[in-house]
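Participant: Could you have a look at this structure, given as structure tokens, before my questions?
The values are calculated or read from the model by the stated rules, or taken from the named source; none is laboratory data. Note that this is a predicted model, so its numbers are computed, not measured. Reconstructed Cβ throughout: ideal geometry from the backbone, glycine too, with neighbour counts over all protein chains shown.
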Amino acid sequence: MNLVMPNMDEFRKHAQQAIEWIARYYENIEDYPVKSQVQPGEIYNELPASMPDTGEQIDRMIRDFDDTLLKGITHWQSPKFFAYFPANTSVPSMVAEMMTAAMGVQGMKWETSPAAAELEQKVMEWLRDAIGLPGEFEGTIQDSASTSTLVSILTAREKATGYAVNEEGLEGKGAFRVYGSVETHSSIERAVKVAGLGRKNFVKVPVDEAYRMRPGELEAAIKRDLQDGHRPLCIVATLGTTGSTSIDPLPRIAEISEKYGIWLHVDAAFAGSALILKDYRWMIEGMEAVDTFVFNPHKWLFTNFDSSAYFVRDARALTNTFQLIPEYLKTRSDEQVNNYSDWTIPLGRRFRALKLWFVLRYYGLNGLQEKLTRHIEMAKTFEQQVNEHPHFERLAPRTMNVVCFRMNPGDITSKEQLNALNEELLHSINRSGEIYLTHTRLDGKYTLRMVIAQTHVEDRHVEQAWEVIRHTAKDIHASM
Ligand SMILES: *Cc1c(COP(=O)(O)O)cnc(C)c1O
């Protein structure tokens, strides 16, 4: 080991080992149990109690990784991963991420790497145009949709108070109210808590039979709050809820936000990617009233975590909220450039634009459209099979590539028993390691979610999944 100079021969050797490891990993990925089968504490207990006194060879770490850690990995890049929403990567994304790690750029200010800042500006314009957002939106890459939403709510809070809460705190400002549907992602409620607004001021608006926010109920809640002397601050509309991928009716919600002058944030973390398809542009009708919009290329656009695309109509309001320039961070270019640390919470920023640039260029818009269309087609086929099977049923409308369903053998009348049976089905499926599914609860019903969005998923994987699901159902309930 050479501690003085980077030894590039040594680097080449180990980097090649790592690349070989990655290639083999992908070649064998379908052989691993998709969901890790280890028990709590199993990995921890196999690891030494203290760090080594003297340095070790990288070969050994790679070997130990295979022996100790690999069994504790859940394989998100397996084409048989149908759980949650995906956290996809792809070849161009991996290659770019290696280069990013090598340069170790700290992209907090333009001057700390002009290319990182200007590439970010450019790829966000590409993305904005590709998903059909109006040209006045500017974008930045956040680490997660959770951060994007928090940043949005903080900006709303500051804009509504003339940036006074930043200066004076919240005391005497009244109760700011934030509205989302009951199907809104938990990150919204968390953002309301973290922003100091108080969780009880997050108003959960009821949904319709397709799990979409009811605009009439939203307006009624706002009117009640105004009568009570509260301050309606922000509405969060969800395009693609985590439970069932339902799409809140943006045009109606936009009207309400304009009528009452309330900040409007759109959480399209997963489903926003579908906006590259013209067929889904209807989702953003009403965009004229939207202040901020987030979607995650690290979900369904093949760019590895973390990559959350956050778009704002009024970038000045954003930077006014977050900018803080101590003497040691002042630079001569401050007035002419985007310093993206002013667009978010942490000072430090990874060079995240590079992997997005690689991905967008590698696939091209047509390539991305083709992949997403394939995923939606596969989901359509899967849905049909569920619909046609006498002992399975769909539990929510399919809006794109997520199918919500359960087994219902017909000889069980108790709601609780049917829920317990489906819970058992899910766990039996996941224990097999063949595929990985997760669940939600819709209308009190234990619901399995089949999410067909993995970078490398093909028809045969979905066919195999349907077979595993049917066989497992038969195994746990005789009449299936
Ligand atoms: C995944 C998801 C989030 C959270 O995304 P992170 O990037 O993990 O913070 C928020 N909202 C919706 C609708 C999601 O699907």
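Participant: Find all pairs meeting these conditions: Cβ atoms under 8 angstrom apart; at least six residues apart or on different chains; first residue within segment 451-480 and of a type in the set (Phe, Trp, Tyr); second residue surrounded by 22 or more Cβ atoms within 10 Å (Cβ to Cβ) and in a helix (DSSP H, G or I).
Facilitator: Trp466/Phe382
Participant: Another question, if that's okay. Looking for something more than 26 Å from Cys404 (Cβ to Cβ) and under 18 Å from the mean Cα position of the chain (by Cα) - is there at least one such residue anywhere in segment 244-260? Explain how you work it out, then say what you get.
Facilitator: Taking segment 244-260 and keeping what is more than 26 Å from Cys404 (Cβ to Cβ), we get 254-260.
With the extra rule that they be under 18 Å from the mean Cα position of the chain (by Cα), the set shrinks to none.
No: zero hits.
Every residue, every condition in (1) among the aliphatic types (A, V, I, L, M); (2) at pLDDT below 95; (3) surrounded by fewer than 24 Cβ atoms within 10 Å (Cβ to Cβ); (4) in the same structural domain as Gly216 (by TED's automatic domain parsing), yes or no:
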position	(1), (2), (3), (4)
Leu250	yes, no, no, yes
His265	no, no, no, yes
Lys278	no, no, yes, yes
Arg281	no, no, yes, yes
Met287	yes, no, yes, yes
Asn296	no, no, no, yes
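Participant: Mind counting the residues in segment 222-249 that are out of contact with any Ser or Thr (no Cβ under 8 Å at 6 or more places or on another chain) and within 11 Å of the ligand (Cβ to nearest atom)?
Facilitator: Adding up the residues that qualify gives 2.
Participant: Take Thr321 and tell me if it is β-branched (Val, Ile, Thr) and more than 16 Å from the ligand (Cβ to nearest atom).
Facilitator: yes
Participant: For the structure I just gave you, tell me whether Thr238 is of a type outside the set (D, E, K, R), assigned by TED's automatic domain parsing to the domain that holds Arg212, part of a loop (DSSP other than H, G, I, E, B) and under 28 Å from Thr440 (Cα atoms).
Facilitator: No.
Participant: Another question about this same structure. Go over the candidates Ala269, Ala309, Ala274 one by one and state the one that is within 16 Å of the ligand (Cβ to nearest atom), touching a strand residue (DSSP E or B) at 6+ places or on another chain (Cβ under 9 Å) and part of a loop (DSSP other than H, G, I, E, B). Before the answer, list the steps.
Facilitator: Details: Ala309 fails: part of a loop (DSSP other than H, G, I, E, B); Ala274 fails: part of a loop (DSSP other than H, G, I, E, B).
The match here is Ala269.
Participant: Output the residues belonging to segment 426-454 that are hydrophobic (A, V, I, L, M, F, W, C) and within 18 Å of Ser36 (Cα to Cα). Give the derivation first.
Facilitator: Start the filter on segment 426-454 by keeping residues that are hydrophobic (A, V, I, L, M, F, W, C), which leaves 426, 429, 435, 437, 442, 448, 450-453.
Listed by number, the residues that qualify are Leu426, Ile429, Ile435, Leu437.
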